[in-house]
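What follows is a single structure, written as structure tokens, with notes after it.
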Amino acid sequence: MASLSQKDLLSIEQLSVDDIRLVLDTAEALKEISSRAVKKVPALRGKTVINLFFEPSTRTRSSFELAEKRLSADILNFSASASSVTKGETLLDTARNLEAMSPDIIVIRHSSAGAPHLLGRECRSSVVNAGDGMHEHPTQALLDALTVRSLKGRLEGLKIAIIGDISHSRVARSDTLLFHKMGAEVWVCGPPTLVPADFHLLGARVTSLMEEAIEGADVVMMLRLQNERQKEAFIPSAREYFTLYGLSRERMRGARKNAIVMHPGPMNRGVEIESEVADADYSVILDQVANGVATRMAVLYLLSGKSGLKPARKPR
Ligand code: CP
């Protein structure tokens, strides 16, 4: 059985080009399961997956749950607000207690960067990062890559513009790392207050001019302002932000003729993207969501033989 080279999926940084290709090829093969009359295969029968979400989520949480069900896994959805976390139990103690119930895979979203890495080191289960603070969101990058590759036939050589609040976005980091690794030309663009000075080190070209980012782009990826992570006012107003960095039909004329528009969601219409663009034929935002299920099925399947690889603790 094909599998990923490591026990956990924690970041795009850790993945080789071969790992990324394996996930995308597997996801492509698994896509048709979601269009069957009976959307279920026995690939994860007898395996247990815990979904550990400490932050809100619509797309990631739902698509992991559907992916697990379509692979016939037993699942447990852990809600931090209804757990003993509210009584002061730490992340590590929570994870150790859940781990004692022998899950095979733990999917975690957490507001702290590195939380999934901590669990990966401590747990025998495979750990999947479903978004950690401002660090990474690897399965989002994989589903974005699947969407682009399905529609364009390749990733190599494409110009991909990622526009918005780059500083606070884990999607911007994971997407830049992945698309650069796969040979695309990645541009990031946003107000200078919302683009880290060292972002070029991830392989991106950086500009604060939206027209320059969009010029000749094959893919235009819009990101929302991550207001929940901003500790100060980085922009004068939403109206001014839209004037300078909002995606309008007019601005899309600078992109290539057959360019596509993407957005990982949640979208703020009228702030970073005009409604007419979000709903246009060239918008593939809902394709991204559909591909999220197949991508997460692929990740879970490719990790399902990896749990328990760490040596058991020595008997006392
Ligand atoms: N793209 C994404 O992570 O969306 P959710 O926060 O709704 O999961």
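Read-outs throughout are calculated quantities, based only on the coordinates presented, and are distinct from any laboratory measurement. These numbers come from a predicted model, not from an experiment. Note that we place each Cβ from the backbone using ideal geometry, even for glycine, and neighbour counts take in every protein chain shown.
Numbers below:
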{"quantity": "Listed residues Thr58, Thr147, Thr48, most fluctuating in the chain (Gaussian network, C-alpha, under 10 Å)", "calculated": "Thr58"}
{"quantity": "Val17-Ser84 pseudo-label distance in nm [points 7 Å out on the Cα-to-Cβ vector]", "calculated": "4.9"}
{"quantity": "Cα lying deepest toward the dipole's positive end in region 37-109, options Ala67, Thr90, Asn51, charges on Cβ", "calculated": "Ala67"}
{"quantity": "When each of Lys69/Lys257; Lys7/Lys257; Lys7/Lys69; Lys39/Lys159; Lys40/Lys306; Lys159/Lys306 is checked by Cα-Cα distance, pairs over 32 Å", "calculated": "Lys69/Lys257; Lys7/Lys257; Lys39/Lys159; Lys159/Lys306"}
{"quantity": "Region 1-102, Rg to Rh (Cα coordinates; Rh as Kirkwood inverse mean 1/r)", "calculated": "1.00"}
{"quantity": "Computed over region 119-242, Kirkwood Rh from alpha-carbon pairs, angstrom", "calculated": "15.2"}
{"quantity": "Percentage relative contact order, region 172-240, counting C-alpha pairs under 8 Å, at least six apart", "calculated": "30"}
{"quantity": "Most fluctuating residue given options Arg70, Arg269, Arg173, as computed from a GNM of the chain linking Cα atoms under 10 Å", "calculated": "Arg269"}
{"quantity": "Calculated P(r) of region 102-180 - Cα pairs past 21 Å, %", "calculated": "36"}
{"quantity": "Where the Cα pairs of the chain fall when distances are cut into 20 Å bins, in %", "calculated": "33, 56, 10, 0"}
{"quantity": "Potential extension, Asn258-Asp198 segment - 0.36 nm per residue separation minus Cα distance", "calculated": "18.5 nm"}
{"quantity": "Inter-part distance where region 169-248 and region 42-67 are each reduced to a Cα centre, Å", "calculated": "29"}
{"quantity": "Acute angle (nearest 10 degrees) that the helix 17-30 long axis makes with the longest principal axis of the chain, alpha-carbon atoms", "calculated": "80"}
{"quantity": "FRET efficiency estimate (nearest 0.05) - Cβ-Cβ, Asn77 to Lys40, R0 22 angstrom", "calculated": "0.75"}
{"quantity": "Fluctuation leader among Val127, Val17, Val261 - the chain, Gaussian network, Cα springs under 10 angstrom", "calculated": "Val17"}
{"quantity": "Gain on full stretching of the segment that runs from Arg269 to Glu156 - 0.36 nm per residue minus C-alpha separation", "calculated": "37.6 nm"}
{"quantity": "Contact order normalised by residue count of the chain, Cα under 8 Å, 6+ apart, percent", "calculated": "22"}
{"quantity": "0 to 90° range, to nearest 10: angle between helix 138-152 axis and the chain longest Cα axis", "calculated": "50"}
{"quantity": "Two-decimal Rg/Rh across region 191-238, once Rg and the Kirkwood Rh are taken from alpha-carbon atoms", "calculated": "0.97"}
{"quantity": "Glu28 versus Leu286: modelled label distance in nm, points set 7 Å from Cα along the beta carbon direction", "calculated": "2.5"}
{"quantity": "Cβ crowding within 10 Å averaged over residues, with 81-87, 252-258 ranked highest first", "calculated": "252-258, 81-87"}
{"quantity": "Kirkwood Rh and Cα Rg combined as Rg/Rh, region 111-150", "calculated": "1.09"}
{"quantity": "Peptides 206-212, 245-251 ordered by average Cβ neighbours within 10 Å, highest first", "calculated": "245-251, 206-212"}
{"quantity": "Calculated FRET efficiency for the pair Asp279/Met101, C-beta based, R₀ 30 Å, to 0.05", "calculated": "0.10"}
